[in-house]
Amino acid sequence: MNPRLDTLHPYPFEKLRALLASADAVSHGMPPINLSIGEPKHAAPEAVKQALRDGLDGLSVYPATHGEPRLRQAIAQWLAHRYSIPAPDADTQVLPVLGSREALFAFAQVVLDPTGNERVICPNPFYQIYEGATLLAGGRPYYLNADPARNFGGDWGSVPEEIWRETRLVFVCSPGNPAGNVMSLDEWRELFALSDRHGFVIASDECYSEIYHDEGDPPLGGLQAARRLGRDDYRRLVAFGSLSKRSNVPGLRSGFVAGDAALIGPFLRYRTYHGSAMSPAVAAASIAAWHDEEHVRGNRRQYREKFDAVLPILQPVLDVRMPQASFYLWAPTPGSDAAFARELYGHTGVTVLPGSFLAREAHGANPGEGRVRLALVAPLAQCVEAAERIARFVRTTS
């Protein structure tokens, strides 16, 4: 067996299941409400489902790893419209992938030298795929702790020079998971300058880019930041996008990578052997999704309604604030986050994810400790009911 498998940590939801199994069930039969996992629950668009049905004849052919040309073109056009940039070259700068999760993992296998013991900088807390991809590719994670004073962003200036010299890859997540923070143009400028100095690649995970609250102020993207700063070739930058959250189709497993052609080319070569070609039926559904913004605006409206309903219930008992983007609340807890989650579940049937499960102890602290992540993915009424149960729980236990 690959000995690197032994370096992997338990997944956060595995730890959560074990934690909740130890809870005293005294919730008096209240129906459970799960706010722990970021799985969209809004209805998938009818046009996407119809395109999938109409594309079933594609099951009779082997798909191309490079993807359907019409899909690559649809993604390039969407990027141009969304970020007010020239359309990336659909042949050399865009590649369909089977969801951002598999692409983020595979990309690390391409970028890292398995014999080089290279450094990979990860935000902390983080999406666990960054760490697992690093470890299985033979890299060493360096955790950049989220700083509440920086809106839960990291301080690039705090990374020692010797770490930068060993760094080959930097994962960024904007909008962030779990805090919903968005990288500013100044943060991008600083990161690009460091990339120029040290030669590392940037993997920009933007799967929450379309879940935001102000229709007139969408989050800045990595490709957009690059163009604004004169980096028209997107050198050493690849952005990862997904339909899962944007279009409520996590089961479709459809996304894209876009950016530096010098990175997309080798990634395509790797994927030819890896077996990551997208079914023509999924491609047809994806084309329909990328061409339609009406359902995305409706999706955002539903999330705004949830935040507007839930925050007034929670804010009198928890110091929780509207995030810049995403569908998460990153809420501080009175005491241990794990104990809070366990007792909350036992007393109310509401499941939340302890923040410490999303992070690692680094530089003397676990930056997820003392917080829980609430995913407002359930229907509005359930989110309101969960918030009311949480508020009652906090008042009766504090």
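The values are calculated or read from the model by the stated rules, or taken from the named source; none is laboratory data. From a predicted model like this one, the values you see are computed outputs, not experimental measurements. Quick reminder, even Gly has a Cβ in these numbers, built from the backbone with ideal geometry, and neighbours come from all protein chains shown. Heads up: the accessible areas ignore ligands, DNA and RNA and are worked out on the full protein's heavy atoms, side chains in. Shrake-Rupley method; radii C 1.70, N 1.55, O 1.52, S 1.80 Å.
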- Query: Who wins for biggest fluctuation among Thr351, Thr115, Thr65 in a Gaussian network model of the chain, springs between alpha carbons below 10 Å?
  - Reply: Thr115
- Note on the structure: Restricted to the chain, the DSSP antiparallel beta bridge percent, nearest 5, is 50 percent
- Can you give the angle from 0 to 90° between the axis of helix 12-21 and the longest principal axis of the chain, with both taken from C-alpha atoms, to the nearest 10? 20 degrees
- Dipole magnitude of the range 123-274, debye to nearest 20 (Cβ charges: Lys/Arg +1, Asp/Glu -1, about Cα centre): 620 debye
- Distance in nm between Ala149 and Tyr270 label points, each 7 Å along Cα→Cβ, equals 3.7 nm
- Message: Once R0 is set to 45 Å, what does the formula 1/(1 + (r/R0)^6) return for the Cβ-Cβ distance between Ala21 and Ser84, expressed as a FRET efficiency to the nearest 0.05?
- Response: 0.35
- Task: Stick to Cα atoms and the Kirkwood definition of Rh, then tell me Rg/Rh for the range 127-247.
- Result: 0.94
- Query: Working out 0.36 nm times the residue gap between Thr92 and Arg197, then minus their Cα-Cα distance, what length gain in nm do you get to one decimal?
  - Reply: 35.3 nm
- In Å², rounded to a whole number, the accessible area per residue of the chain with probe 1.4 Å is 41 Å²
- Item | Between helix 261-274 and the chain: long-axis angle, C-alpha atoms, 0 to 90°, nearest 10 | 80 degrees
- How would you rank 29-40, 169-180, highest first, on the average number of other Cβ atoms within 10 Å across their residues? 169-180, 29-40
- Note on the structure: the chain -> Rg/Rh from Cα coords, Kirkwood Rh, value 0.96
- Message: I need to check one value: relative contact order of the range 46-292, counting alpha carbon pairs closer than 8 Å and at least 6 residues apart, in percent.
- Response: 30 percent
- Item | In nm, spacing of pseudo-spin labels at Phe105 and Met322 (7 Å Cα→C-beta vector) | 3.7 nm
- Note on the structure: Quick P(r) readout (the range 3-88; Cα-Cα; 10 Å bins; whole %) gives 11, 20, 23, 26, 16, 4
- Item | Farthest positive-ward along the range 46-292 dipole, Cα basis, beta-carbon charges - from Gln93, Phe105, Thr272 | Thr272
- Where the centroid of each part is defined by its Cα atoms, how far is the range 151-196 from the range 256-283 in Å? 25 Å
- In whole Hz, what ³J(HN,Hα) sequence does the range 172-180 give by Karplus (6.51, -1.76, 1.60; θ = phi - 60°), x for Gly and Pro? 10, 10, 9, x, x, 10, x, 8, x
- Task: Given the peptides 369-381, 239-251, arrange them by the average over their residues of other C-beta atoms within 10 Å, most packed first.
- Result: 239-251, 369-381
- What order, most packed first, do the peptides 297-308, 256-267 have when packing is the mean number of other Cβ atoms within 10 Å of each residue? 256-267, 297-308
- Unit charges on C-beta of K, R, D, E only; dipole of the chain, Debye: 360 debye
- Query: What FRET efficiency do you get for Gln73 and Leu8 if R0 is 41 Å and r is their Cβ-Cβ distance, rounded to the nearest 0.05?
  - Reply: 0.60
- Straight-line reach from Lys15: which lysines have Cα under 27 Å away, leaving out those fewer than 8 places along the same chain? Lys41, Lys245
- Query: For the residue pair His291 and Met1, what label-to-label distance in nm results when each label sits 7 Å from Cα along the Cα-to-beta-carbon direction?
  - Reply: 4.8 nm
- Query: Relative contact order for the range 199-347: what is it in percent, counting Cα pairs under 8 Å that are at least 6 residues apart?
  - Reply: 23 percent
- Can you pull the Kirkwood radius for the range 352-398, inverse mean 1/r over Cα pairs, to one decimal in Å? 12.3 Å
- Note on the structure: Phi angles of the range 51-64, converted by Karplus (6.51 cos²θ - 1.76 cosθ + 1.60, θ = phi - 60°) into ³J(HN,Hα) in whole Hz with x for Gly and Pro, give 5, 5, 5, 5, x, 5, 4, x, 5, 8, 10, 6, x, 7
- Message: Can you compute the FRET efficiency between Tyr62 and Glu215 using 1/(1 + (r/R0)^6), with r the Cβ-Cβ distance and R0 = 30 Å? Round to the nearest 0.05.
- Response: 0.15
